[in-house]
Amino acid sequence: MEKSLKEIAELIGGIISPEDENIIITGLENIEGALRGDLIFAIEPHLDEAKTSKASAAIIPLETETFPLPSIRSADPKAAFAKLLQIFTPKLEIKAGISEKAHIGDNVKIADNVTIMPFAVVDDNAEIASNVIIYPHVYVGQFAKIGEGTVLYPNVTIREYCQVGKNCIIHPSAAIGSDGFGFTTKDGVHTKVPQVGNVVIEDDVEIGALVGIDRAAMGSTIIGHGTKIDNLVHIGHNCKLGANCLVVAQTGLSGSTIVGDNVTFGGQVGTSGHLTIGSNSVFAARTGISKSMPKGSFCAGFPIQSHTEWLKTQAAMRQLPELVKKVRQLEAELKKLNAGQ
């Protein structure tokens with residue numbers, strides 16, 4: 001695909017110098033890999049790096065004063081670049097229809113324009129809405145429901161009675177509705193507690209590869225509208241996540257954790273169970289959340305503390321080697337003083 005810089009500026013609502021309007025862009029690339037014909041985007045702290053790029057042009061913030069490459073100034077370069085990626089990336093052609101090599105159970109309801117690829121299994125009494133795409137080796141369990149426009153990539157498992165909303169994306173090998181980790185222990189013997197609930201995934205949710213979301217012991221584990229979950233995340237049974245949350249890789253939420261809207265969990269965050277976490281909160285990577293948190297929290301560390309206090313602690317820790325050295329010097333001088341008495 002080829003587009004002039006002027007055409008691209010019009011697509012993203014950017015500002016361009018007249019002398020750059022006719023530059024032809026043939027592809028999009030990152031700063032390091034860009035060559036002639038490519039367009040990049042750059043924001044702080046990468047603007048200086050982008051100045052030496054081999055790209056033909058760059059999308060940069062509106063407030064940037066000087067920049068050596070031809071450029072489009074944008075209020076949000078990252079969002080503008082994301083829009084262009086959709087335009088420049090060729091779409092996969094996927095033919096609708098049910099493969100003869102797929103297994104479709106009894107009493108399954110399948111709407112129009114559904115794609116079910118070879119070796120997928122849709123079990124008895126499941127419901128598949130229109131424009132759903134099911135890749136090979138997916139399992140959709142009995143009485144499960146898949147909403148309109150959802151994509152299930154290879155090896156996804158949607159267990160019995162679970163519900164997936166509209167326009168969701170579930171990446172390879174995610175397991176939705178596996179049994180919650182519930183056991184009673186007596187005389188050293190662990191006995192399984194039946195997990196008879198389900199998982200409800202609301203509309204516009206994206207779930208990464210190798211994510212495990214446990215079914216509720218009773219009731220529903222719920223993933224709210226617009227929430228995005230990274231790879232290798234575990235959501236325990238009876239958790240309830242609000243709308244538009246971000247859950248980064250290797251995070252684990254223990255059972256019955258209740259999360260408000262617009263909460264961000266950095267990588268490797270962990271929670272105790274039966275907590276309530278208020279809306280609009282942010283938890284830095286590797287935070288250990290051991291107690292309920294109010295709305296608007298911004299925390300880090302373990303034991304958990306405010307992000308500001310955590311930064312002070314980290315700064316102080318960097319001074320520990322020098323502090324230990326000074327203490328040893330003082331101890332040596334005190335020993336000499338005591339010896340001279």
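The values are calculated or read from the model by the stated rules, or taken from the named source; none is laboratory data. What you see is a predicted model; the values in this text were computed from it and never measured. Virtual Cβ from ideal backbone geometry, glycine too; neighbours counted across all protein chains shown. Keep in mind that these areas ignore ligands, DNA and RNA; they rest on the heavy atoms of the full protein, side chains included. Shrake-Rupley method; radii C 1.70, N 1.55, O 1.52, S 1.80 Å.
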Inset, instruction - Would you be able to say whether some residue in region 209-221 is more than 15 Å from ARG159 (Cβ to Cβ) and either in contact with a Cys (Cβ under 8 Å, 6 or more places away or on another chain) or buried (at least 20 other Cβ atoms within 10 Å of the Cβ) (or both)? - result: no
Legend entry - Which numbered condition CYS299 fails, given (1) more than 18 Å from THR257 (Cα to Cα); (2) touching a helix residue (DSSP H, G or I) at 6+ places or on another chain (Cβ under 9 Å); (3) not polar (S, T, N, Q): (1)
Inset, instruction - May I ask you to list the residues in region 2-27 that are open to solvent by less than 40 Å² (accessible area, probe 1.4 Å) and under 21 Å from THR64 (Cα atoms)? - result: LEU5, ILE8, ALA9, ILE12, GLY14, ILE16, ASP20
Legend entry - Among the candidates GLY267, GLY278, GLY255, residue that is open to solvent by less than 30 Å² (accessible area, probe 1.4 Å), of a type in the set (Gly, Ala, Ser), under 30 Å from ILE229 (Cβ atoms) and in contact (Cβ under 8 Å) with a residue 40 or more places away in the chain: GLY255
Inset, instruction - Output the residues belonging to region 153-198 that are in a strand (DSSP E or B) and of a type in the set (Lys, Arg). - result: LYS186, LYS192
Legend entry - Among the candidates VAL164, VAL156, residue that is in contact with a Pro (Cβ under 9 Å, 6 or more places away or on another chain), within 16 Å of VAL205 (Cβ to Cβ) and buried (at least 19 other Cβ atoms within 10 Å of the Cβ): VAL156
Legend entry - Identity of the residue in region 133-153, hydroxyl-bearing (Ser, Thr, Tyr) and open to solvent by less than 50 Å² (accessible area, probe 1.4 Å), that ends up nearest to ILE104 (Cα to Cα): TYR135
Legend entry - Only one of ILE87, ILE94, ILE31 that is buried (at least 16 other Cβ atoms within 10 Å of the Cβ) and of a type outside the set (S, T, N, Q): ILE31
